[in-house]
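To start, the structure under review is shown below, and the notes come after it.
Rule-based calculations on the coordinates, nothing more; no lab input. None of the values given here were measured: they were computed from a predicted structure. Cβ atoms come from the backbone with ideal geometry, glycine included; neighbour counts cover every protein chain shown.
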Amino acid sequence: MVAYPSAGQDRSSARVWGALSTYPYLDRVKDDVDLTLTLNARFSKRATYFSYQNFRGVLSSGDARFDRSEQNFRWAVSEKLPIDLNLQAIILKGSGNDQWHVGVGWRLNDTSFMREFFERLNLRYRVTLHLKRFASAHDDALLLQHSFKTSFPRESGRFYLSGWLTQTFNSDFPDSISNNPFVTEIQFGARISGNFNAVAEYRINQFRTSENHNFAVGIEYSFRW
């Protein structure tokens with residue numbers, strides 16, 4: 001799953017862009033997510049949307065099981081400031097598990113005194129702190145999220161490296177789960193032909209009580225409208 005447009009996509013001209021990713025190879029955790037749909041949309045210069053939907057068992061058993069979805073609606077406080085207000089909905093399998101978060105995002109690559117540095121690296125980087133959670137449990141929890149993407153070579157963007165990390169603070173978890181657990185995915189992609197990319201993804205999920213590391217290899221189809 002990538003939090004920015006895929007390799008070769010021009011986010012300035014596209015209104016909607018996304019990717020459908022399948023992972024036929026899963027290393028340690030065989031029942032991990034093997035299909036992901038990612039969507040980005042730009043409604044105006046200040047209003048944007050990002051989401052992903054994860055499914056399990058699609059390739060291993062042919063029985064698609066919903067795992068998790070995250071929906072983000074972002075509103076830039078100003079066209080000149082790199083700050084967003086973020087409303088996030090996290091939908092989890094099972095009943096009574098859904099969460100709503102309200103937070104503030106900072107686009108580091110759009111910050112005036114750092115813009116040149118990030119342009120040299122062709123890197124986009126966002127940090128979001130969710131200060132308030134509305135859920136059935138852990139209402140005082142804080143979520144800190146990072147997301148990034150870079151593509152190279154700059155002229156073609158044939159290869160890309162992207163990822164995200166979400167860490168939870170101030171929650172009372174069972175002893176089997178580490179304090180301030182985090183979930184992260186780092187993805188390397190290479191355009192094969194047209195809109196098809198080969199992807200390799202390293203995952204860490206500290207909410208798992210047994211094996212929390214995994215490696216996945218798959219195919220991604222990217223699109224834009």
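222 nm [θ] for the chain, helices only, -39500 (n - 2.57) per DSSP H run of 4+, per residue, to 500?
Here the helix-only value at 222 nm equals -1000 deg cm²/dmol.
Which whole-number percent is the relative contact order of the chain (Cα, under 8 Å, 6+ apart)?
19 percent
From the backbone phi of region 107-117, what are the Karplus-calculated ³J(HN,Hα) couplings (6.51 cos²θ - 1.76 cosθ + 1.60, θ = phi - 60°) in whole Hz, Gly and Pro given as x?
Working through the residues one at a time gives 8, 4, 5, 9, 7, 4, 7, 10, 4, 4, 4 Hz.
What lysines sit close enough to Lys93 to cross-link, taking a C-alpha to C-alpha distance under 22 Å and skipping anything fewer than 8 places away on the same chain?
Leaving aside lysines fewer than 8 places away in the same chain, those within reach of Lys93 are Lys30, Lys132.
So how do 45-52, 146-153, 115-122 stack up, highest first, on mean other-Cβ count within 10 Å?
Put in order of decreasing packing, that is 146-153, 45-52, 115-122.
Taking the mean number of other Cβ atoms within 10 Å as a proxy for protection, how do you rank 206-219, 15-28 from highest to lowest?
My ranking of the peptides, most packed first, is 15-28, 206-219.
State the extension gain, in nm to one decimal, for the chain segment bounded by Leu121 and Asp175, taking 0.36 nm per residue of separation less the distance between their alpha-carbons.
Roughly 15.4 nm would be gained on extension.
Work through the residues other than Thr184 whose Cβ is under 12 Å from its Cβ and net out their charges, Lys, Arg +1 and Asp, Glu -1.
Taking every Cβ under 12 Å from that of Thr184, the sum is -1.
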